[in-house]
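No value in this document is a laboratory result; all are computed from the given coordinates. Not measured: the values here are computed from a predicted model. All Cβ positions, glycine included, derive from the backbone under ideal geometry; neighbour counts span all protein chains shown.
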Amino acid sequence: MNIGIDASFLRKPGTGIGQVTLGILQALIERHQAPSLSGSHSFFLYCEEIPQLSFDLPENFFLRPFLPLWKRDDIPRKWMWEKLLSRHAEEDRCDAFLSLAQSAAIMPKTIRHTMIVHDMIPHFFPRYLFTLSRKLSYAAIKKGIRRADHLAAVSRTTARDVARILSLKEETITVLYPGYNPIFGKEISVQDLRPILDRYGLREGYIYHGGGLEVRKNTERLLRAYADLRKKHPSAPPLVISGTVFAKENVLAVDVKSIASRLGIENAVSILGFVPEEDIPALYEGALMFVYPSLYEGFGLPVLEAFASKVPVVAGSGGALPEIAQEAALLVDPSDVSAIEAGMERLLSDDSLRRELIRAGEKRAADFSFSEMAEGIVRILEHNSQRR
């Protein structure tokens, strides 16, 4: 069977969907390198540019990079690229197509289309639709979701959201939980840890926050909660924040530097900016706790990474985070600054709770695997192809 895959997020490996794309592809490659399965399917990976991969593609995996005439990297280009996918899939005689994220792509009836939906963020946060192109793109994506032959969601929360927002039957949506990069489950020796922390001017025992600095991640409330914590406990550990610091003009970004300065905590907050993925396990490893008070997540990959890294977690109770964390994180109301502050204070003062959460988090992380996700994807693709 010829299977086309929208692998466009390979160009954004630092994003959650980019990490899931990489994880799924690696799992598919490992699965199809088995003697009994190799060559049973051919995979065509459609990309917006030739990706820089850390692994080799087998003979039955083919890169198909292309760009529309509109070359500028913006929403119109992405929309046109997705619209051209069907033509390329037909040229490669694909029997099935897999969109690794929600998109505007619509396949002809001859190609069974499976689409993975990660979230419906613009529905809950209309602020994300601040331009006409974004509104039109989101409308096209909703149409693409409706027209897919089969939908998969990265959590039951997302499946429920999709069903409710688009008037679909939730039971027809398959839930496929992603895994996490195995670099987050590896022990880091003191000899390896110290040079990385030194590079960022850090010492072990800080409070860590990462995973993006857009408004949905709720970093402003975290900073306000941390300022309150410092008033109560002047000797509280420093707060370390990683993530790309966007220009102030970006309406979806949090101006962390200005907020920290306004709150008078700039000397207690280390804003690292973008950190390459290979250094992030060390940031988790050196932390006393990880705080992720996101307002909404379709999955919440950073929480899973923290679990695997044996770091206790304070997480927001919005979206899929309660579903993913279960009893392994201290959940707080992300809209309540005092609740976030109380969560951090509790973990600072309760050694036994930190140990309990570390044990529960490590156990919970073991429930997630890209191999299982890839197996589920292949079952869907093979089943759908038989229905043609």
Hey, how many Å between the Cα centroid of segment 330-369 and the Cα centroid of segment 165-227?
13
What do you get for the angle between helix 156-166 and the principal long axis of the chain? Use alpha-carbon atoms, 0 to 90 degrees, nearest ten.
60
Mind giving me the nanometre distance, one decimal, between the label points for E277 and R346, set 7 Å out from Cα along Cα→Cβ?
3.3
Compute the long axis of helix 16-32 from its Cα atoms, compare it with the longest principal axis of the Cα atoms of the chain, and write down the angle in degrees, 0 to 90, nearest 10.
50
Integer Hz, Karplus 6.51/-1.76/1.60 couplings in order for segment 352-368, x for Gly and Pro
5, 5, 4, 5, 4, 5, 4, 4, 5, x, 4, 5, 5, 4, 5, 7, 10
Hull volume in cubic angstrom per residue (convex hull over the Cα atoms of segment 257-359):
116
Other-chain or far-sequence residues with amide H under 5 Å of S99's (modelled H):
D6, T114, M115, I116
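How far, in nm, would the chain grow between I75 and D198 when pulled straight, counting 0.36 nm per residue and subtracting the alpha carbon separation? Walk me through the numbers before you get to the answer.
On the way: separation 123, 0.36 × 123 = 44.28 nm, distance 3.90 nm.
Contour length minus Cα-Cα distance gives 40.4 nm.
Sorted from fewest to most neighbouring beta carbons within 10 Å, what does the list F184, F368, F125 look like?
On the way: F184 22, F368 18, F125 15.
Ranking F184, F368, F125 by Cβ neighbours within 10 Å, fewest first, gives F125, F368, F184.
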Looking at this model, which pairs from K12/K310; K12/K83; K142/K169; K78/K109; K142/K217 are more than 18 angstrom apart at the alpha-carbon?
K12/K310; K12/K83; K78/K109; K142/K217
Return the long-range amide H neighbours of F62 (sequence gap of 5 or more, or a different chain), with a cut-off of under 5 Å between placed amide H atoms.
F43, F44, L45
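For segment 182-365, what ratio Rg/Rh do Cα atoms give with a Kirkwood hydrodynamic radius?
Checking Rg against Rh, the ratio lands at 0.93.
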To the nearest 10 degrees, the tilt of helix 370-386 (Cα long axis) against the first principal axis of the alpha carbons of the chain is 20
Tell me the Kirkwood radius of segment 1-115: reciprocal of the mean inverse pair distance over distinct alpha-carbon atoms, in Å.
14.4
GNM, the chain, Cα, under 10 Å: largest mean-square fluctuation among H113, H88, H209?
H88
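Beyond 29 Å, what percent of the Cα pairs of the chain remain?
Values: 33323 of 75078 pairs.
When every Cα pair of the chain is considered, 44 percent fall beyond 29 Å.
Quick one: plug the Kirkwood hydrodynamic radius of segment 116-170 (C-alpha pairs) into Stokes-Einstein at 37 °C, 0.692 mPa s, and report D in µm²/s. Mind dumping the intermediate values first?
On the way: Rh = 11.6 Å.
In µm²/s, the coefficient rounds to 283.
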Note, ³J(HN,Hα) from phi for segment 311-320, Karplus 6.51, -1.76, 1.60, rounded to Hz, x at Gly and Pro
10, x, 10, 9, 10, x, 9, x, x, 8
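Note down the net charge around Q326, summing +1 for each Lys or Arg and -1 for each Asp or Glu among other residues with Cβ under 15 Å from its Cβ. Let's see the in-between values first.
Details: positive: R156, R359, K363, R364; negative: E297, E323, E327, E356, E362, D367.
Result for the local shell: -2.
Dividing the Cα radius of gyration by the Kirkwood radius, what Rg/Rh value follows for segment 149-210? It would help to have the intermediate numbers written out before the result.
Details: Rg = 20.1 Å, Rh = 15.4 Å.
Ratio of gyration radius to Kirkwood radius for segment 149-210: 1.30.
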